[in-house]
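In what follows, a structure is listed as structure tokens, so that the remarks can point back to it.
The values are calculated or read from the model by the stated rules, or taken from the named source; none is laboratory data. Here the structure is a predicted model, which is why all the values come from computation and not from measurement. FYI the Cβ positions are ideal-geometry reconstructions off the backbone, even for glycines, and counts take in every protein chain you see. Each accessible area value is taken on the protein alone, full model and side chains, heavy atoms only, with ligands, DNA and RNA left out. Shrake-Rupley method; radii C 1.70, N 1.55, O 1.52, S 1.80 Å.
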Amino acid sequence: MIGIEVLLLFGVVTLLTYCIKYFWNRRRLYELARNLPGHDGLSFIDSIKFLTQISKKDYISKLLNFIKDEAPLTKVWLFNHCFIITKDARIINKIFYTPETYNKPSLLYRIFSKNHALPSLNGNEHKRHRKIINKAFTTKILQQLLNTFDEKSKKIILKIDENVDSGEFELMDYVGVYSLESFGKSNLSYETDYFHSELFDAFYKYMESSMDFMPYLVVGLSHKLLDFLNLGGEHGKIMRSIQKYMDDVIKSNKAQDDKSENSLINLMLDPKFEFTKEEIDDELAMTTIASFDTTSRTISTILMMLGIHHNVQQKVMTEIDEVYSTQTQPDFSLDFLQKFTYLESVIKESMRLFPEGPFIAREPSDDVDINGYLIPKGAVILISIFGMHRDEKYWGSDAHLFKPERFLEDLKFSFAFAPFSGGKRICIGYRYAMNSMKIFLINFLRNYKVDCSTKFEEIETEVSLALSFVNGYKVSLERR
Ligand code: HEM
């Protein structure tokens, strides 16, 4: 019989060996991190306090708050994770275009994806998916989708009409449906009624509920274990609703005969690309989520900005009326959309102040020199798009104000604007999003004047996986 002492000794030796190996493998990380400027880091106790005492949705914004204005990079230790945080535009652009900083840290992206889809995939697997899925976003396909945006926006605007002269209402209830309907039709070849549905709720709450996982993932628990222990809170229920939707979408596509066009669903189900069931489910769900939250919140933000800044709204309306007075063809085209230059500057200014991707993260696949700073493999780089977009160094002393005119001038620091990120991992749907938002706004503003009782300085934002307004997106309408 083996004595308890022998077993204990064995356990201690195994643990010690593991620790020595762990610290030895990370010795470069510790050495290089020591030389980086910034915060000394949180102690073990402070890390526990960080994860347990602040609201889940504040994790990211609190981490971003560590940025020191005078230092281009700030480092913060949270448990055994070394975060390198920056809002410096030159460093951010270098990161976008450096092959060693192509990958995303699974620590953060595991929060909202099961790791089979573009937003969280890395390396060659990411490149393979991206090459195939890009076929759904070519100029030719985007041109074809304009009719869908036109049809779906007009349909939602008819519903919005019930709010005319009836006080303030929540824009997301309608614009969110527009986003889901147009994405459903164009990329999933699927139509259903999203209004006031459980499904709409699931998409609406997805990002926020994902944060429930954050403390568990930071201390190293896996998704499978979290599912098994039922620790995901409401997130599990939301995932089941979305999975059921994807099952319906796939079933309906299999029953359709015409598979000629390169829509996302057709590409994912094409046997020649050999996607697994998990990849199909995760890609379809993640792309729907990536398009839903971002486009609908940005449209809602823009309409609130116009409701607050009436002079800007007047200029947008004048532009729309002028362009339409010279327009002969009834359908939208890419060339036609280009004519709305002031509207485009309004969209850009709203995305500058309120970027829907407020932060982006990368994980170096090797030690890498970024503008003279050696960033160690194993660190997590947190890029604050929100911080860069509001930095007076790039945008002047009025950086905090809503002034679309700045985008009509030649921007000295145009590289400090990256609402869709940049480099090879730039948002795959950025042209889709711009077209979809423009068409909705044009159709909307041809019909209504918008007003908003919230003052610009009163808007409170939550910077989490996505950016949202704490008190929602409320406006009132008057017919033009
Ligand atoms: C206003 C609208 C949108 C904004 C502000 C936005 C922003 C972003 C940002 C910041 C990223 C992160 C890129 C990175 O980590 O470097 C991203 C990625 C992504 N977006 Fe968007 N997005 C928008 C609309 C859309 C739409 C409409 C779709 C789909 C039709 C979409 C699909 C994706 C996908 C799949 C990724 C992952 C790309 C990859 O890693 O290769 N997004 N987006």
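Taking 8 Å as the Cα distance limit and 6 or more residues as the minimum spacing, I'd like the relative contact order of the stretch 327-380 as a percentage.
Computed over the stretch 327-380, the figure is 22 percent.
Tell me what the chain gives for mean residue ellipticity at 222 nm when only DSSP H runs of n ≥ 4 count, each as -39,500 (n - 2.57), the sum divided by the residue total, rounded to 500 deg cm²/dmol.
Taken over the chain, the calculation gives -16000 deg cm²/dmol.
Report the gain in length on full extension from Asn25 to Glu162: 0.36 nm times residue separation, minus Cα-Cα distance, nm rounded to one decimal.
43.1 nm
Please compute the per residue accessible area over the stretch 429-480 with all protein chains in place, 1.4 Å probe, rounded to a whole number of Å².
I get 41 Å² per residue for the stretch 429-480.
Under a plain spin-label model, where a point goes 7 Å from the Cα along Cα-to-Cβ, how far apart in nm are Glu478 and Lys377?
6.4
So if I take the centroid of the Cα atoms in the stretch 60-76 and the same for the stretch 148-201, what is the distance between those two points in Å?
Taking the Cα centre of the stretch 148-201 as reference, the centre of the stretch 60-76 is 38 Å away.
Quick one: which of 322-334, 401-413 comes out on top by average Cβ neighbours within 10 Å, and what's the full order, highest first?
Put in order of decreasing packing, that is 401-413, 322-334.
Could you state the accessible area per residue of the stretch 1-64 in Å², with a 1.4 Å probe and every protein chain left in place?
Here the per-residue accessible area is 76 Å².
Compare the peptides 10-21, 457-468 by average per-residue count of other Cβ atoms within 10 angstrom and give them in order, highest first.
457-468, 10-21
Starting from the residue with the highest accessible area, list Trp395, Trp77 in decreasing order, probe 1.4 Å.
Trp77, Trp395
Which of the GluC sites (Glu not before Pro) across the stretch 232-296 are loop residues per DSSP, with 13 or fewer other Cβ within 10 Å?
Glu274
State, to one decimal in nm, how far the label point of Gln256 lies from the label point of Phe273, with both points 7 Å from Cα in the Cβ direction.
Modelled inter-label distance: 1.4 nm.
For a 19 Å ceiling on Cα separation, which of these pairs sit above it: Lys315/Lys438; Lys75/Lys348; Lys185/Lys254?
Those over the limit are Lys75/Lys348.
Taking +1 at the Cβ of each Lys and Arg and -1 at the Cβ of each Asp and Glu, which of Ile48, Tyr18, Tyr59 sits farthest along the dipole of the stretch 1-101 towards its positive end, judged by Cα position relative to the Cα centre?
So the residue we want is Tyr59.
Report the full-extension gain for the segment Glu460 to Ile141: residue separation times 0.36 nm, less the Cα-Cα distance, to one decimal in nm.
111.1 nm
Label point 7 Å out from Lys127 along Cα-to-Cβ: which residues of the stretch 412-429 have amide N under 19 Å?
From the stretch 412-429, the list is 422-428.
Using the alpha-carbon centroid of each, what span in Å lies between the stretch 339-416 and the stretch 243-315?
Distance between centres, Cα-based: 25 Å.
How much accessible area per residue does the stretch 91-211 have, in Å², with a 1.4 Å probe?
Per residue, the stretch 91-211 has an accessible area of 40 Å².
Average the reciprocal distances over every distinct pair of alpha-carbons in the chain, invert the result, and give the Kirkwood radius in Å.
24.1
Of all accessible surface on the stretch 104-167 at a 1.4 Å probe, what whole percent is carbon and sulfur?
51
In terms of the Cα gyration tensor, with a ≥ b ≥ c the square roots of its eigenvalues, is the stretch 159-233 rounded because a/c is under 1.5, prolate because a/b exceeds b/c, or oblate?
Prolate, since a/c reaches 1.5 and a/b exceeds b/c.
If a/c stays under 1.5 just call it rounded; otherwise compare a/b with b/c (prolate if a/b is bigger, oblate if not). Do that for the stretch 48-181, with a ≥ b ≥ c from the square roots of the Cα gyration tensor eigenvalues.
Oblate.
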